[in-house]
Amino acid sequence: MNAVTGTLSTPETGQARPVDERLKHVSLMAALIRRPELGAIGGLALVTLFFLSVADPSMFSAAGVMNFMAPAAQLGILAIGAALLMIGGEFDLSLGSMVAFAGLVFA
């Protein structure tokens, strides 16, 4: 096997054939970088560390967590609906107008 080109020569013909990239050995760092959820987890860790060092300690009490999780839950419910539409192949841009309309109705 040629590690530079990622090919494997067959003994009977001597021709190079490509090796499946899923079987190639990759370093731990490269494997971690390819994971899409690692970026979200890293971002959460950075934001949490930032607010732990800068914000008032009452932010991480039960009342403080409820203060920023309530709007996040509402937006998350809307995001689930939009994500299901996108997964189903329907691209619906009316979600933003519905958020504004719901805010006007409740006001």
Stretch residue 63-residue 35 to full length: gain in nm at 0.36 nm per residue minus the Cα-Cα span?
-> 6.7 nm
Filter the chymotrypsin sites (Phe, Trp or Tyr not before Pro) in region 45-107 down to the DSSP loop ones having no more than 10 other Cβ atoms within 10 Å, then list what survives.
-> 91
So, with a 1.4 angstrom probe, what is the percent of accessible area on region 31-98 that is carbon and sulfur?
-> 76 percent
Counting only protein heavy atoms and leaving out ligands, DNA and RNA, the solvent-accessible surface of residue 33 at a 1.4 Å probe, in Å² to the nearest 10, equals 120 Å²
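The values are calculated or read from the model by the stated rules, or taken from the named source; none is laboratory data. Source: prediction; values computed, not measured. Backbone-built Cβ (ideal geometry, glycine too); neighbour counts: all protein chains shown. Protein only, heavy atoms only, side chains kept; ligands, DNA and RNA dropped before computing areas. Shrake-Rupley method; radii C 1.70, N 1.55, O 1.52, S 1.80 Å.
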